[in-house]
1. Out of the residues in region B:109-127 that are more than 9 Å from chain A (Cβ to nearest Cβ) and closer than 15 Å to B:Glu40 by Cβ, which is farthest from the ligand (Cβ to nearest atom)?
2. Being at pLDDT below 95, within 30 Å of B:Arg10 (Cβ to Cβ), buried (at least 17 other Cβ atoms within 10 Å of the Cβ) and away from the ligand (no atom under 14 Å from the Cβ) narrows it down to one residue among B:Val168, B:Val178; which is it?
3. Would you please list the contacts, defined by Cβ atoms under 8 Å and residues six or more apart or on different chains, that run from a residue in region A:45-61 that is away from the ligand (no atom under 13 Å from the Cβ) to a residue that is assigned to a helix (DSSP H, G or I)?
4. Suppose we keep only residues that are under 16 Å from B:Phe33 (Cβ atoms) and more than 7 Å from chain B (Cβ to nearest Cβ) within region A:44-76. Which one would you say is surrounded by the most Cβ atoms within 10 Å (Cβ to Cβ)?
5. State the number of residues belonging to region B:63-92 that are within 24 Å of A:Gly19 (Cα to Cα) and at the interface with chain A (Cβ under 10 Å from one of its Cβ atoms).
6. Which of the numbered conditions does B:Gln63 fail, given that it passes all the others? Conditions: (1) in a helix (DSSP H, G or I); (2) free of Cβ contacts under 8 Å to residues at least 12 places away in the same chain.
7. Go through (1) at pLDDT below 95; (2) of a type outside the set (A, V, I, L, M, F, W, C); (3) part of a helix (DSSP H, G or I) for A:Gly28 and report which single condition fails.
8. Of the residues that make up region B:16-35, is at least one at pLDDT below 95, hydroxyl-bearing (Ser, Thr, Tyr), assigned to a helix (DSSP H, G or I) and within 11 Å of the ligand (Cβ to nearest atom)?
Amino acid sequence: MRTLGRTLVIILAALLVAGAAYALGSAGLIGATTGGMHGGHGPGGGEAFAVGEIVKNLGIIAAIVALVVGGSALAKRIRPAPQPSL
Amino acid sequence: MKQTTKRPNRNLTKLALDIGIFLSFLVAMAPRFSGMTIHEWLGVALGATITTHLLLNWSWIVQVTKRFFGKVQWSARLSYVLNALLFIDMTVIIFTGLMISKAVLPTFGLEAMHGGVWKALHSLSANLSVFLVGLHVALHWQWIVNMTKRFIIAPLTPGQATPQPARVARPTLKEEGVLQ
Ligand code: HEM
């Protein structure tokens, strides 16, 4: 019962977002400045290109993780957390 | 006699689900790899698995929502804002995907709109999601490393097994990074 309630909350939140997106999209407020699709299932590219897409996205995510995790580790080394006084 | 029912470890369930979501996300981001029909159904399934992911992390959501303007770690606050953006972005991706669907909607006798706006928005929000997912993974990196060590690496290297906690209790708010 509790899980059902929580699920309904999540669905309601998603419906609110979808409704807002629908209103904005229908009113032509978004999309005018965004270009068309450059991929999907159109012609061009092949199996290798498709695998390349996965590798590219994995690379972007890995780079972000390395930057954020490495950056915060470096920051901790430069400015270590204050030790509790005895 | 006392009966002991073995409940699956919550963290193991979370880790397995998260790995599944991550791999499915990578495949969904390459529609030419899977083909459009699989892409659409995978996208819908991702909606259901993300809902499960949120249910499994419900206590974190509730705690940080309650304490957002109070006593909470700055990293939890940052994570919260980022997670909200990710939720909005994922919802927009799935919603706009349905609006341009050629496989899922017709299955239910419905016809999609095929408008240029929805295609553009689907593409834009999908591209944005790669960065948001990257940040999401980065902010939970320590948890991912700890759980990978405990549930994947340790069982594979029995000699150097990391000790399992005696109790399988819910982590405290401090352990979850909510409280300072
Ligand atoms: C998290 C889930 C999803 C992700 C990450 C995702 C991502 C993508 C990406 C990256 C593209 C190619 C965009 C481009 O080439 O610029 C695409 C195309 C497409 N997606 Fe999705 N998508 C998701 C869910 C869905 C769903 C649920 C549906 C429909 C039920 C859908 C329907 C489509 C269609 C029809 C296209 C091709 C549009 C065209 O070229 O005509 N997607 N998606």
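1. As a first pass, look at region B:109-127 and keep what is more than 9 Å from chain A (Cβ to nearest Cβ): B:109-114, B:126-127.
Within this subset, residues satisfying the condition of being closer than 15 Å to B:Glu40 by Cβ are B:110-114, B:126.
Working: B:Leu110: 11, B:Glu111: 13, B:Ala112: 8, B:Met113: 11, B:His114: 8, B:Ala126: 4 Å.
The selected residue is B:Glu111.
2. It is B:Val178.
3. What qualifies is A:Glu47/B:Phe33; A:Val51/B:Phe33; A:Leu58/B:Leu26.
4. Among them, the one singled out is A:Gly52.
5. First, the residues of region B:63-92 that are within 24 Å of A:Gly19 (Cα to Cα): B:65, B:80-92.
Filter once more, keeping what is at the interface with chain A (Cβ under 10 Å from one of its Cβ atoms): B:84, B:87-92.
Number of matching residues: 7.
6. Of (1) in a helix (DSSP H, G or I); (2) free of Cβ contacts under 8 Å to residues at least 12 places away in the same chain, only one is false for B:Gln63: (2).
7. Going through (1) at pLDDT below 95; (2) of a type outside the set (A, V, I, L, M, F, W, C); (3) part of a helix (DSSP H, G or I) one by one, A:Gly28 breaks only (3).
8. There is at least one residue in region B:16-35 that is at pLDDT below 95, hydroxyl-bearing (Ser, Thr, Tyr), assigned to a helix (DSSP H, G or I) and within 11 Å of the ligand (Cβ to nearest atom).
The values are calculated or read from the model by the stated rules, or taken from the named source; none is laboratory data. Keep in mind that this is a model prediction, so the values were computed, not measured. Because the Cβ atoms are built from the backbone with ideal geometry, glycine has one as well, and the counts that use them run over all protein chains shown.
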